[in-house]
Each structure stands twice: as structure tokens, then as C-alpha cells.
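**Student:** Structure provided below as C-alpha cells; questions to follow.
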Amino acid sequence: MLKDITLGQYFPGNTIVHRLDPRTKLLLTLLYIVTLFVANEAPASYLVLLAALGGMIALSRIPPRTMLRGLKPLVIIIAFTAVLNIFYTPGTPIFTLGFLHPTWEGLAHAAFMMLRILMLVCGTFLLTYTTSPIALTDGLEQMLSPLKKVRFPVHELSMIMSIALRFIPILVEETDKIMSAQKARGADFETGGLLKRARAMVPLLVPLFVSAFRRADELAVAMECRCYHGGEGRTRLKQLHMSGRDAGAFLAGAALLAGLIALRRLGL
Amino acid sequence: MSEIRVSALRYVYGQGTPFEKIAIDDVNVTIPSGQFVGIIGHTGSGKSTFIQHLNGLLRPHGGTVCLDGADIFRSKEATLAARFQVGLVFQYPEYQLFEETCAKDIAFGPGNMGLPPEEIHNRVLEAAHFAGVPEEALDQSPLDLSGGQKRRVAIAGVIAMRPGVLVLDEPTAGLDPAGRQSILRNIRDYHAATGATVILVTHDMDEIARLADRLLVFSQGKLVMDGTPGEVFSRDEALTALHLAVPSATAIAGALRRRGVPLPEGIFTLEQLEAAILTCRREGAPC
């Protein structure tokens, strides 16, 4: 039940994708998104993009089924976008039914649009599946560190992010426990109208908030006991290092972007 | 009457995933009405998973749970009825309190049963009395009470449903010795006064030896021993192999016996040990 939710879930591994520097992966994900939008809406371009994504997934050894499972919650949004595109793109109509006139151009546009969203989501999943949340926030902190010059609290922000991520599984477990305890007293979370269900959440949310604040308090004390005082002069257990691997990855990313720009020029 | 019969119970965590783990495997046990049962076992032995089946919080992957001869999973209504008849107090139950006042929190269970207000009021007072919640605390916010008091309120919240079976998962964990003693005394009094079945999960052999009529020992999801405290604690080698201990009085008696003090078998509480040693002295044995 609750334990099944995947939220930026990390699949540990030791592939070349896993070992890339998190900064590289963050930048490449951005580059990949740009590439997706630069690409010409034509079969050749999309085949290249699909091949690139497939290659990356194969390299990361993330089972394709896991990828697809992550897409499930997005099916409705994607389908909605596609349907809108079929009807609202001007062009030669397939048939006319009252005010509805789907077009061939719309159909093609919708297909490309769907593929684009799917590839976009899969690409970002690849980032979170192969990078531990801690590495991700570390990478983000390093990338944003120039902002420290203008007194932007980069370290604090990334610490907040790490802690928030760390607390998700704890709070999920806590929710499960409190739900069981209230169910044992006859609470009903599953039936009834909207109002009844909203009211049924009170016995769950109040203890959950109380315990979240308690945990936050305890964590703050524990951090202070170990003399935490922010980012200044702080060293790291895991230093981030760019290597030849990362240079290679950037080259590959740049090549992909260049290739798709070229294809666009050629109109393919 | 609230007889529990569990047959061929099986429960698997994470079924169908690579992280599959068998939590309960082929457990058969019948608990007649009115018994005081202790459940002991190493951490992760399946005790807590087992008790969550008794009131239908977990649905078994195999086997049945019957209350007075009827399967509690036969219908949704039957499962809900089982929740009220088998009151389950979780570990650290003080973290489930949510109402503005203790009285309202204790009334949550009876309220869900759909009882009339006067009846609920009576039950709150009765439950508060059984659980040892002082009357002036009833109008206070549960958040203003001490840890031990909060736990009493939480236990009262379950007792207020007047369950025929009261199941408690380590109700004394994390309390000071005086708090432990008095909560256990409350539970024993409740058992004596209402004749309800009590099932107590614990790690404290001294307290369970004093209270239980019967002990169930779990290990790796299986029920490995089932008998009176005398029967179970006489097998101290088997218990040690399960990473469990015998009560301290039994251990002391054993050590004295090995040094030649003629103490009888079957000593589980410090009172029994004291009496036995005094008898020995009176008879002039070497102590």
C-alpha cells in the first residue's frame, strides 16, 4: 500500500551511469531536455532520440519494466494532451462530427508530443533512479555554490532538501503505524463521502504532525550536539570529482544535440 | 465468550517482490476465553505481525483466524466487529492520541461503535479507572501529560471498547520501574475484574512469569513453544538457543542449585525464590 509509492526512488548499482558525477548527470539531463525540444518533429530525429534514451537505459541496467511502472501515474495527463492535440491542430480533417474535426496533422503532432513527454519523463527518471538523493543534493549544492557570493544560503537549502528526502520513508512508516492504531479503534479511512473522509483524516494527521515536529526537534538537538553550524568551513566525506568518464558523457551529449540540430536543418 | 482459533496462519511481507520475507509461517493456536497469555520472542520473530491478525488489521496470505468459531474475514462487517471485540494496543500507543482532551480521545473507539452518548461517557470513566488515568486528567490535553500518563490514556482508549480480548504489544517499554509495575497491576486488575482474555507481548521474562497462565514463544515466524510458564522456563537451554532468557529468579535458583543449595524446581518470581530460600534456611540446609 503506502510503501509502494516511488518518489525519486534510487536503485543502487555500479554501472557507468551510476558512477558519473551527479553534476554531470544534472547538466546532461538539462541538455537532454533542451535536445528534446530542439529536435525536429520528424521520424528520423525521433528515432535518434529514442535510440539515445534506449542506450542510456541499457547502460544503467534499470529494468525497462521499472521505468514503465513509474510512468503509470502520468498516463492520464499524457492521454489528455494527446487528445487535445488531435482536435485542436489545424489541417486536413479525418472526419467531421459536429464541432469535432480531428486532423491528420493533429494525429501526427499528438504522437510526437506523447513520445516527447514519455522521453522527457524517462530521462529524468534515469537521473533519480541512478543517483542517490544525497549525491543529487551534493551535486546541486556544488553547482549553485557561486550564488554564495551574493549571500544565497546554498548549503542550508541543500541540507533542507537532504533532510526532507531522508524523512519521506520515515514519515510513510509512521503514517502506516498510526493508521493501523486508529483502525484498531474502529477508524474507517476507506468509505464515505468526501467530507466524511476528510474528517476521518484528523485522527491520522494530528499525531503525524505532532510526531514530525518532535522528530524535527530531536534532529535539531542531535545536530547541535555535534556542533553543526552551517556550511562554513565544512568538509565532505565524499568529494565530488569529475573524471574522463564525465568528459566523455558531455561529448556524447553535445554530439546528440549537434546531430539533432543538423537533422533539423536537413528537415528530417 | 471470545475464543480465538488461529489455524495454518501464514503471512509474507512484500509478496511478489525480490524483498519477500516470510513473517508468519504455519501458526496454529487456540486461545480460550479468559486466559492470560504471554507472547515472547526475539525481535523480528513475528510476534507483532501475529497479533495484528487477531483483529483483522492484516489479512493472512494463508490460513484462518476465527473468533468464537467464525472467520473474521468472512465479510467487511465481521472484520470491523472483530476490531471492537479484540482490542489491540500498539507499541508506544501514546503517539496515536489526537483529540483536544483525554476524555474525547478515549471516546474515539466507542464513538466508532455508534454507541449513545451516555453509554460512551460511562465507558470513558470506566476505562480511565481501569487504565489508571486520574479523573482530573480527563479534561486536559493529552499533549500536556507525562509519557506514562499518555500511555495510560491510549490504553484506556482501547479498553473503552470493552473488548473481550485485550492485546498489548510491549505496554511497559520505555517506562520507569514504578510506571511498569503500576501499568501491569492495572492490566492484571482488568483481567480479574472483567474476565477478558489478555494477550501480552513482552521482552521482560520477570513480568510475564508473574502474570501469564500460558506462554507462546515465537522464533523466525514459527510458534516454537506453547505451555505454562513452568513448562517453558524449565527448558532454559532451548530458550537460550532462541536468544531468550529465563526470569532472573529462575536463573538465580539454578545457580544456587548448582552450588548445592537444595532449592525446588519451578521458581519463576522473586517472591517464590525468597520463600524457597527461607524454607531452606529453616530446615537448616547450607545457604
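Derivation of every value follows stated rules applied to the coordinates shown; laboratory data play no part. Keep in mind that this is a model prediction, so the values were computed, not measured. Positions of Cβ are generated from backbone atoms using ideal geometry, with glycine treated the same way; all protein chains shown enter the neighbour counts.
**Student:** Just add up the charged neighbours of B:ALA193: K/R +1, D/E -1, any other residue whose Cβ is under 15 Å from the Cβ of B:ALA193. Working shown, then result.
**Tutor:** On the way: positive: B:ARG123, B:ARG162, B:ARG185, B:ARG188; negative: B:GLU126, B:ASP189.
Every neighbour counted, the sum reads +2.
**Student:** Would you mind ranking B:ILE4, B:ILE106, A:ILE134 by Cβ crowding within 10 Å, fewest neighbours first?
**Tutor:** Details: B:ILE4 27, B:ILE106 34, A:ILE134 17.
The order, fewest Cβ neighbours first, is A:ILE134, B:ILE4, B:ILE106.
**Student:** Using a simple spin-label model with points 7 Å from Cα along the Cα→Cβ vector, what separation in nm is obtained for B:GLN220 and A:VAL202?
**Tutor:** The two pseudo-label positions are separated by 4.9 nm.
**Student:** Could you tell me which residue out of B:SER182, B:SER7, A:THR128 lies farthest along the dipole of the protein assembly as shown toward its positive end? Charges go on the beta carbon: Lys and Arg +1, Asp and Glu -1, centred on the Cα centre.
**Tutor:** My answer, from the dipole projection, is A:THR128.
**Student:** Continuing with the same structure: Compute the whole-percent fraction of alpha carbon pairs in the stretch A:140-182 spaced more than 18 Å apart.
**Tutor:** Beyond 18 Å sits 48 percent of the P(r) for the stretch A:140-182.
**Student:** Quick one: compute a quarter of the convex hull surface over the Cα atoms of the stretch A:45-145 and quote it in nm². Present the calculation step by step, with values, prior to reporting the outcome.
**Tutor:** Values: hull surface 36.0 nm².
Mean projected area of the Cα convex hull: 9.0 nm².
**Student:** Using only the Cα atoms of the stretch B:71-220, what are the Rg and Dmax in Å?
**Tutor:** 15.2, 46
**Student:** Something else: Quick one: Cα convex hull volume of the stretch B:154-287, Å³ per residue?
**Tutor:** Spread over its residues, the Cα hull of the stretch B:154-287 gives 134 Å³ apiece.
**Student:** Quick check on packing: order B:127-137, A:192-202 by the mean number of other C-beta atoms within 10 Å, highest mean leading.
**Tutor:** Per-residue Cβ counts within 10 Å, averaged per peptide and sorted highest first, yield B:127-137, A:192-202.
**Student:** If you don't mind, another one. Mind listing P(r) for the stretch B:1-89? All alpha-carbon pairs, 5 Å bins, whole percents.
**Tutor:** For the stretch B:1-89, the pair-distance distribution reads 3, 13, 25, 26, 19, 9, 4, 1, 0.
**Student:** With r defined as the distance between the Cβ atoms of A:PHE152 and A:ALA252 and R0 fixed at 30 Å, what FRET efficiency is calculated, to the nearest 0.05?
**Tutor:** So the FRET efficiency works out to roughly 0.40.
**Student:** Note the direction-averaged projected area, equal to a quarter of the hull surface, for the Cα convex hull of the protein assembly as shown, in nm².
**Tutor:** Working: hull surface 151.6 nm².
That works out to 37.9 nm².
**Student:** Ok, one more. With 28 Å as the limit, write out which pairs from A:LYS72/B:LYS76; A:LYS148/A:LYS238; B:LYS150/B:LYS222; B:LYS104/B:LYS222; A:LYS183/B:LYS47 have Cα-Cα distances beyond it, or answer none.
**Tutor:** A:LYS72/B:LYS76; B:LYS150/B:LYS222; B:LYS104/B:LYS222
**Student:** GluC sites (Glu not before Pro) within the stretch B:28-113: which are DSSP loop residues with at most 15 other Cβ atoms inside 10 Å?
**Tutor:** Here the GluC sites (Glu not before Pro) that fit, given the DSSP loop and packing criteria, are B:GLU100.
**Student:** Next up: Karplus couplings for the stretch B:103-116 from phi (6.51 cos²θ - 1.76 cosθ + 1.60, θ = phi - 60°), rounded to Hz, Gly and Pro as x?
**Tutor:** 4, 5, 5, 5, 6, 4, x, x, x, 5, 7, x, 7, x
**Student:** With unit charges on the beta carbons (Lys and Arg positive, Asp and Glu negative) and the dipole taken about the Cα centre of chain A, which residue among A:GLY106, A:LEU68, A:MET223 sits farthest to the positive side?
**Tutor:** Value: A:MET223.
**Student:** Within a Cβ distance under 11 Å of B:SER141, other residues only, what is the Lys/Arg minus Asp/Glu net charge?
**Tutor:** Residues close to B:SER141 contribute a combined charge of -3.
**Student:** Given A:VAL172, A:ALA212, A:VAL150, which one lies farthest toward the positive end of the charge dipole of the stretch A:146-225, if we put +1 on the Cβ of every Lys and Arg and -1 on the Cβ of every Asp and Glu?
**Tutor:** Of the candidates, A:VAL150 comes out farthest on the positive side.
**Student:** Amide H neighbours of B:LEU216 under 5 Å, counting only residues 5+ apart in sequence or on other chains, H built in-plane at 1.01 Å?
**Tutor:** Hits under the 5 Å cutoff: B:GLY38, B:ILE39, B:ILE40.
**Student:** Provide the per-residue ³J(HN,Hα) series for the stretch A:150-167, in order, calculated from phi with Karplus coefficients 6.51, -1.76, 1.60 and θ = phi - 60°, each as a whole number of Hz, with x at glycine and proline positions.
**Tutor:** 3J(HN,Hα) across the stretch A:150-167, in whole Hz: 9, 6, 7, x, 5, 4, 4, 4, 6, 5, 4, 5, 4, 5, 4, 4, 5, 7.
**Student:** Also: Once you wrap a convex hull around the alpha carbon atoms of the stretch B:96-162, what is its projected area averaged over all directions, in nm²?
**Tutor:** Computed as one quarter of the Cα hull surface, the answer is 3.8 nm².
**Student:** Once you place label points 7 Å from the Cα toward the Cβ at A:ARG236 and A:GLU224, how far apart are they in nm?
**Tutor:** Spacing of the two 7 Å Cα→Cβ label points: 2.8 nm.
**Student:** What ratio of Cα Rg to 2.2 N^0.38 Å holds for chain B?
**Tutor:** Taking N as the residue count of chain B, the ratio is 1.09.
**Student:** Hey, another quick one. Within 10 Å of each candidate Cβ there may be at most 15 other Cβ atoms; applying that plus a DSSP loop requirement, which GluC sites (Glu not before Pro) in the stretch B:192-287 survive?
**Tutor:** B:GLU265, B:GLU283
**Student:** Can you tell me the dipole magnitude for the stretch B:1-107 around its Cα centre, using point charges on the Cβ only (Lys, Arg +1; Asp, Glu -1), in Debye to the nearest 20?
**Tutor:** It works out to roughly 240 debye.
**Student:** Turning to a different aspect of this structure: What trypsin sites (Lys or Arg not before Pro) in the stretch A:143-185 are in a loop by DSSP, with at most 14 other Cβ atoms within 10 Å of the Cβ?
**Tutor:** Values: sites: A:LYS148, A:LYS149, A:ARG151, A:ARG166, A:LYS177, A:LYS183, A:ARG185; in loops: A:ARG151, A:ARG185.
Of the trypsin sites (Lys or Arg not before Pro), the ones in loops of the stretch A:143-185 whose Cβ has at most 14 other Cβ atoms within 10 Å are A:ARG151.
**Student:** Taking the square root of 5 times each eigenvalue of the Cα gyration tensor, what semi-axes in Å does the equivalent ellipsoid of the stretch A:115-268 have, largest first?
**Tutor:** 41, 28, 13
**Student:** OK, next. Just to check, using Stokes-Einstein with a Kirkwood Rh over alpha carbon pairs, what's the diffusion coefficient of chain A at 10 °C and 1.306 mPa s in µm²/s?
**Tutor:** Rounded to a whole number, D works out at 71 µm²/s.
**Student:** Could you give the size of the charge dipole of the stretch B:212-287 about its Cα centre, using +1 on the Cβ of each K and R and -1 on the Cβ of each D and E, expressed in debye and rounded to the nearest 20?
**Tutor:** Details: 8 positive and 9 negative charges, 49 e Å.
Computed charge dipole of the stretch B:212-287: roughly 240 debye.
**Student:** Kindly provide the helix-only [θ] at 222 nm of chain B, computed as the sum of -39,500 (n - 2.57) over DSSP H runs of four or more divided by all residues, to the nearest 500 deg cm²/dmol?
**Tutor:** Numbers: 12 runs with 116 residues, N = 287.
After summing the helix terms and dividing by the residues of chain B, the value is -11500 deg cm²/dmol.
**Student:** In deg cm²/dmol, rounded to 500, what helix-only [θ] at 222 nm does chain A give when every DSSP H run of at least 4 residues adds -39500 (n - 2.57) and the total is split over its residues? The partial results should precede the final answer.
**Tutor:** Working: 11 runs with 185 residues, N = 268.
So the calculated ellipticity at 222 nm is -23000 deg cm²/dmol.
**Student:** Please say if the stretch A:146-225 is rounded, prolate or oblate, where rounded means a/c under 1.5 for a ≥ b ≥ c the square roots of the C-alpha gyration tensor eigenvalues, and otherwise the choice is prolate for a/b larger than b/c and oblate otherwise?
**Tutor:** Numbers: a/c = 3.68, a/b = 2.29, b/c = 1.61.
The shape class here is prolate.
**Student:** Explain nothing, just the number: dipole magnitude of chain B about its Cα centre with +1 on each Lys and Arg Cβ and -1 on each Asp and Glu Cβ, in debye rounded to the nearest 20.
**Tutor:** Computed about the Cα centre, the dipole is about 720 debye.
**Student:** What is the Cα radius of gyration of the stretch B:247-287 over 2.2 N^0.38 Å, N being its residue count? Don't skip to the end; give the middle numbers.
**Tutor:** Numbers: Rg = 9.1 Å, N = 41, 2.2 N^0.38 = 9.0 Å.
So the stretch B:247-287 has a normalised radius of gyration of 1.01.
**Student:** Find me the longest stretch of chain A that has none of the exposed chymotrypsin sites (Phe, Trp or Tyr not before Pro), where exposed means in a DSSP loop (not H, G, I, E or B) with at most 14 other Cβ atoms within 10 Å.
**Tutor:** Longest gap between qualifying sites, sites excluded: A:1-94.
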